[in-house]
1. Go through segment 14-35 residue by residue and tally those that are over 15 Å from Lys4 (Cβ atoms) and surrounded by 16 or more Cβ atoms within 10 Å (Cβ to Cβ).
2. I'd like to check something: does segment 240-253 contain any residue that is among the hydrophobic types (A, V, I, L, M, F, W, C), part of a helix (DSSP H, G or I) and touching a Phe, Trp or Tyr at 6+ places or on another chain (Cβ under 7 Å)?
3. Return the residues of segment 254-265 that are in a helix (DSSP H, G or I) and more than 18 Å from the chain's Cα centre (by Cα); say none if nothing qualifies.
4. If Ala77 passes every condition in (1) out of contact with any helix residue (DSSP H, G or I) (no Cβ under 8 Å at 6 or more places or on another chain); (2) surrounded by 15 or more Cβ atoms within 10 Å (Cβ to Cβ) but one, which one does it miss?
5. Do we find that Ala97 is over 16 Å from Val140 (Cα atoms), surrounded by fewer than 23 Cβ atoms within 10 Å (Cβ to Cβ) and in contact with a Lys or Arg (Cβ under 8 Å, 6 or more places away or on another chain) in this structure?
6. What are the residue pairs meeting all of these: first residue in segment 58-83, first residue more than 29 Å from Leu236 (Cβ to Cβ), second residue within 10 Å of the ligand (Cβ to nearest atom), Cβ atoms under 9 Å, and 6 or more apart or on different chains?
7. Does segment 186-209 contain any residue that is acidic (Asp, Glu) and under 28 Å from the mean Cα position of the chain (by Cα)?
8. Within segment 212-230, track down each residue that is of a type in the set (S, T, N, Q), surrounded by 18 or more Cβ atoms within 10 Å (Cβ to Cβ) and outside any loop (DSSP other than H, G, I, E, B).
Amino acid sequence: AQMKIGFIGLGNMGAPMAANLASAGFDVAGFDPAGTSAAGVGVASSAAQAASDADAVITMLPNGAILRSVAEELVPAMKSGAVLLDCSTVDVDSARAVAKQAQDAGLMAVDAPVSGGIGGASGGTLTFMAGGTEAGFLKVTPLFDIMGQKAVHCGEAGAGQAAKICNNMILGATMIATCEAFALADKLGLERQKMFDVVSTSSGYSWSMNAYCPAPGVGPQSPSDNGYTPGFAAELMLKDLGLSQQAAETADADTPMGALALALYKRFVEEEDGMGRDFSAMLPRFEGRGRD
Ligand code: NAD
């Protein structure tokens, strides 16, 4: 028989992920206090109700504090041997604390944040980076196969979150570097298309330049060609950079580029016009400025 699944957090990401599991034939019970629902997914009246009887409970929540509070309710309600699969992006400490709580209660736990955004969630093409035991990873692999196209088992509890925030720290820093270089190129009178032609095939290339070019009309189609509508919103990048700096502090790691990327996205989102715009809208930000 197909696994029975509880799905907690039916937001922008969770709703399409849950709907994909339901349309693949899984018996899915969903809960979200905002009252959102998903196609084919049964409506539970609480997180505990969605969890009772489930072989796997998936959480897709805003942050680690909410995950910790939801876990307080879920863990006692879950049946022995079931797996708690958190796909939210949260801090490494919360991921490890929730995994320990689940394991102490006789459950399995896997942290598996995703990349691929809302498009990947609807299309079932997410990438999962997972932390936890081999047994836990194997048990949820059929779910990864439906919701995504790739799952990497990164190591013990928290390793999935560690991989996610390290990746996004690189992404934040390379996007800023790419945008400031385009703005400098403008002021030097270098055409953007020429800049792209050279850099995208030279040692300055990156995903930010080659796949998600922040300059409109240059490179493949990206949010810059659509007025910087996200895409990947600047405030989500700000969240992830906050998590990488928090982790760096706990682990005593020196991450000056990550710190600067965090400060720039914080200013962009909180004091400038970054809120609600794609994270590549750093280019018009730099364009309009002189040295400061
Ligand atoms: P969202 O805000 O749309 O959804 C979160 C949902 O959690 C909301 O519907 C909210 O009502 C629900 N929720 C809040 N408190 C709850 C509680 N106590 N119990 C149950 N549900 C509760 O956010 P999203 O865009 O779906 O993102 C979810 C997670 O995925 C975040 O951790 C985010 O960082 C991560 N993520 C998002 C993207 C993206 O592009 N949106 C990409 C990768 C990762």
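1. Keep residues of segment 14-35 that are over 15 Å from Lys4 (Cβ atoms), which gives 14-17, 19-20, 23, 32-35.
Add one more test, that the residue is surrounded by 16 or more Cβ atoms within 10 Å (Cβ to Cβ), and what stays is 14-17, 19-20, 32.
Total satisfying the criteria: 7.
2. For segment 240-253, residues among the hydrophobic types (A, V, I, L, M, F, W, C), part of a helix (DSSP H, G or I) and touching a Phe, Trp or Tyr at 6+ places or on another chain (Cβ under 7 Å): present.
3. Applying the first criterion (in a helix (DSSP H, G or I)) to segment 254-265 yields 256-265.
The answer is Pro256, Met257, Ala259, Leu260, Ala263, Leu264.
4. Ala77 satisfies all of (1) out of contact with any helix residue (DSSP H, G or I) (no Cβ under 8 Å at 6 or more places or on another chain); (2) surrounded by 15 or more Cβ atoms within 10 Å (Cβ to Cβ) except (1).
5. yes
6. Ala77/Ser46; Ala77/Ala47; Ala77/Ala50
7. Checking segment 186-209: not a single residue is acidic (Asp, Glu) and under 28 Å from the mean Cα position of the chain (by Cα).
8. First, the residues of segment 212-230 that are of a type in the set (S, T, N, Q): 221-222, 224, 226, 229.
Next, only the ones that are surrounded by 18 or more Cβ atoms within 10 Å (Cβ to Cβ) stay: 222, 224.
Within segment 212-230, just Ser224 meets the criteria.
Just so you know, all these numbers are worked out from the coordinates, no wet-lab data involved. Keep in mind the model is a prediction, meaning the values are calculated, not measured. A quick note on method: Cβ atoms are made from the backbone with ideal geometry, for glycine too, and the neighbour counts reach across all protein chains shown.
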